[in-house]
Structure formats: structure tokens, C-alpha cells
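Below is one structure, written out as C-alpha cells; the observations come after it.
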Amino acid sequence: MGNVFVLDHPLIQHKLTYIREKSTGTKEFRELVDEVAMLMAFEITRNLPLQDKTINTPVMETQTKVLAGKKIGLIPILRAGLGMVDGVLKLIPAAKVGHVGLYRDPETLKPVEYYIKLPSDIEERELIVIDPMLATGGSANDAIHSLKKRGAKQIRLMCLIAAPEGVEVIKEEHPDVDIYLGALDEKLDDKGYIRPGLGDAGDRLFGTK
Ligand code: PRP
Ligand code: URA
């Protein structure tokens with residue numbers, strides 16, 4: 001069964017508070033999402049493999065470590081996932097980025113896929129699907145199915161805020177996928193919004209309504 005990790009570092013919790021606050025404007029919201037994405041990337045890269053490297057400091061030759069160069073792919077779910085890409089790339093600049101375009105039909109709440117473009121070697125990469133919100137779980141579930149259908153073997157999911165309902169869907173449908181969250185909220189409302197949540201992540205990031 002996939003594991004669920006709530007990355008409740010004090011800096012993440014602090015910044016999430018201002019992300020949730022409804023009076024936070026677009027510019028600040030964007031900056032905070034970028035910062036939290038970077039902090040989450042720091043936490044989820046803890047186990048990246050290292051290899052030895054010999055270097056010369058100004059004092060002597062020494063054996064030290066560098067990243068072994070594991071191939072990583074970031075997969076933001078459009079559009080709100082875009083708000084987290086740059087923050088993650090600050091720490092993993094060599095990652096390739098694929099895009100999955102999905103929107104939730106406001107009536108049915110079912111995701112509709114409208115775009116997909118992926119790195120050609122996704123089967124060799126560890127993929128990190130990113131989306132600020134995991135609500136019913138429909139969008140992340142569809143995105144992960146789409147990636148698996150195209151050969152993806154190693155997938156993790158990273159979201160700012162999730163509802164328990166969405167987490168259950170991913171655990172059920174994709175027991176091989178570990179889930180990393182900034183916060184696990186109480187529940188969904190009858191319109192499929194996370195409570196207390198942050199409202200509509202895409203609209204708040206891009207200043208739309
Ligand atoms: C939001 C969010 C997720 C999805 C989560 O996207 O960014 O992709 O809803 O909801 P779910 O778990 O119930 O599927 P939205 O459909 O609003 O599209 P947008 O990113 O283009 O605004
Ligand atoms: N999508 C959002 O942007 N916010 C929610 O609360 C649920 C889905």
C-alpha cells in the first residue's frame with residue numbers, strides 16, 4: 001500500500017496559513033506556493049542516491065558525495081500544478097517536465113483530459129506528479145493512469161492540500177504511489193471543494209474567476 005506523508009515542517013505550515021488566507025493576493029499567493037513547493041521538494045528528495053567523488057579542497061584531496069544522477073520527471077497537472085514547478089526545479093534543475101492537462105467538469109466533478117506531453121523516456125524516470133489540490137482524487141487518479149498507460153513505472157504524488165476522500169482514491173487505485181502532502185484537511189464540501197482548503201487553486205494562482 002502506498003504511504004502518505006504529511007510534510008508538516010514549521011516553515012511549510014506557516015506559509016500554508018498565508019496561502020489559505022482569503023485576503024492573500026495573487027502575487028503573494030504565487031510566491032508562497034513556489035516557496036512551499038521548494039520546501040516540499042527538499043523533504044521528498046531526502047532519499048536520492050549519492051555516489052562518491054574525489055575533489056581537491058584548498059587544503060587537501062578528499063572523498064565526498066554528489067547525487068548519483070537519478071532521472072527525475074516532474075508532471076504538473078495543468079493548470080494549477082504549474083504554480084509548483086519552478087519551486088521544485090530550484091532544487092532539481094535537471095528534471096525533465098511533462099504536462100498533463102485536466103480540468104474538473106463543474107457539474108460532474110469528473111476530470112476531462114485535454115493535453116498530454118511527456119519526456120520520451122518516462123519509463124526510466126522517477127515521476128513526481130504535482131498539483132496543489134487533491135480533492136475527490138479524480139484528476140490525480142486519471143493523470144497517474146495516463147502515465148502508467150504510457151509506460152511510467154515509478155510515480156510519486158505531491159500536493160499542497162488534500163482531502164481524506166482523495167487520498168483514499170489514490171491509495172485504492174494506485175497502492176504503489178507514495179503521497180506527499182503539505183496538509184491533510186477535514187473533508188470535501190458538496191461542491192467538491194476542500195474544507196478548510198484554500199479555495200480554487202488555479203483561480204488564485206492565475207487571477208481568474
Ligand atoms: C483543480 C486542482 C486539481 C483538481 C483537484 O484543478 O488543481 O487538478 O482541481 O480536484 P479533484 O481531486 O476533485 O480532481 P481544476 O479542475 O480546477 O483545473 P485548473 O487547475 O485548470 O484550475
Ligand atoms: N480544486 C481546487 O482548486 N480547490 C479545491 O478545494 C478542490 C479542487
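The values are calculated or read from the model by the stated rules, or taken from the named source; none is laboratory data. A quick note: this is a predicted structure, and the numbers were derived from the prediction, not measured. Note: ideal-geometry Cβ built from the backbone for every residue, glycine included; neighbour counts use all protein chains shown. Just the protein is used for accessible areas: all its heavy atoms, side chains included, with ligands, DNA and RNA removed. Shrake-Rupley method; radii C 1.70, N 1.55, O 1.52, S 1.80 Å.
Look through GLY151, GLY197 and report the one residue that is touching a residue at least 60 places away in the same chain (Cβ under 8 Å) and assigned to a loop (DSSP other than H, G, I, E, B).
Details: GLY151 fails: touching a residue at least 60 places away in the same chain (Cβ under 8 Å).
On inspection, the qualifying residue turns out to be GLY197.
Filter the range 123-143 for residues that are part of a helix (DSSP H, G or I), within 12 Å of ligand 1 (Cβ to nearest atom) and of a type outside the set (A, V, I, L, M) and give the result. Once the filter is applied, which keeps residues that are part of a helix (DSSP H, G or I), within 12 Å of ligand 1 (Cβ to nearest atom) and of a type outside the set (A, V, I, L, M), the range 123-143 yields GLY138, SER139, ASN141, ASP142.
Summed over the range 163-188, the residues that are more than 20 Å from VAL36 (Cα to Cα), assigned to a loop (DSSP other than H, G, I, E, B) and either within 11 Å of ligand 1 (Cβ to nearest atom) or open to solvent by less than 50 Å² (accessible area, probe 1.4 Å) (or both) give a count of 2. Tallying residues that are without any contact (Cβ under 8 Å) to a residue 24 or more places away in the chain and within 12 Å of ligand 2 (Cβ to nearest atom) within the range 154-187 yields 1.
When residues in the range 1-32 are screened for being open to solvent by 60 Å² or more (accessible area, probe 1.4 Å), under 26 Å from VAL169 (Cβ atoms) and not in a loop (DSSP other than H, G, I, E, B), 4 of them pass. Only one of the numbered conditions (1) farther than 19 Å from GLU123 by Cα; (2) polar (S, T, N, Q); (3) assigned to a helix (DSSP H, G or I) is violated by SER146, and that is (1). Only one of the numbered conditions (1) at pLDDT below 95; (2) assigned to a strand (DSSP E or B); (3) open to solvent by 20 Å² or more (accessible area, probe 1.4 Å) is not met by ASN47, and that is (2). Cβ separations smaller than 7 Å between residues 6+ apart or across chains give the following pairs from the range 124-137 residues that are farther than 13 Å from ARG104 by Cβ to residues that are of a type in the set (Gly, Ala, Ser) and more than 10 Å from ligand 1 (Cβ to nearest atom): ARG125/GLY73; LEU127/GLY73; LEU127/ALA152.
Checking ASP131, ASP142 one by one, the residue that is closer than 30 Å to ASP189 by Cα and touching a Ser or Thr at 6+ places or on another chain (Cβ under 8 Å) is ASP131 and no other.
Note on the range 128-167: residues that are within 26 Å of PRO93 (Cβ to Cβ) and among the hydroxyl-bearing types (Ser, Thr, Tyr) amount to 1.
Among the strands (runs of 3 or more DSSP E) contained in the range 53-122, which hold 1 or more residues that are open to solvent by less than 40 Å² (accessible area, probe 1.4 Å) and within 16 Å of ligand 2 (Cβ to nearest atom)?
Working: elements: 61-67, 72-78, 99-104, 111-117.
So the answer is 72-78, 99-104, 111-117.
Pairs linking a residue in the range 88-106 that is on the phi < 0 side of the Ramachandran plot to a residue that is more than 9 Å from ligand 1 (Cβ to nearest atom) and polar (S, T, N, Q), with Cβ atoms under 7 Å and 6 or more positions apart or on different chains, are LEU91/THR45; ILE92/THR45; VAL100/SER146. Total residues in the range 189-198 satisfying the condition of being open to solvent by 10 Å² or more (accessible area, probe 1.4 Å), over 13 Å from LEU16 (Cβ atoms) and out of contact with any strand residue (DSSP E or B) (no Cβ under 6 Å at 6 or more places or on another chain): the figure is 3.
Residues in the range 90-113 that are within 12 Å of ligand 1 (Cβ to nearest atom) and modelled with pLDDT of 95 or more: how many?
The initial filter retains those residues of the range 90-113 that are within 12 Å of ligand 1 (Cβ to nearest atom), namely 99-106, 108-113.
Pick out the ones that are also modelled with pLDDT of 95 or more and you get 99-101.
The total comes to 3.
Among the residues of the range 176-203, write down those that are over 17 Å from the mean Cα position of the chain (by Cα) and not aliphatic (A, V, I, L, M). I'd like the intermediate steps shown before the answer.
At the first step, the residues of the range 176-203 found to be over 17 Å from the mean Cα position of the chain (by Cα) are 186-193, 195-196, 199, 203.
Listed by number, the residues that qualify are GLU186, LYS187, ASP189, ASP190, LYS191, GLY192, TYR193, ARG195, PRO196, GLY199, ASP203.
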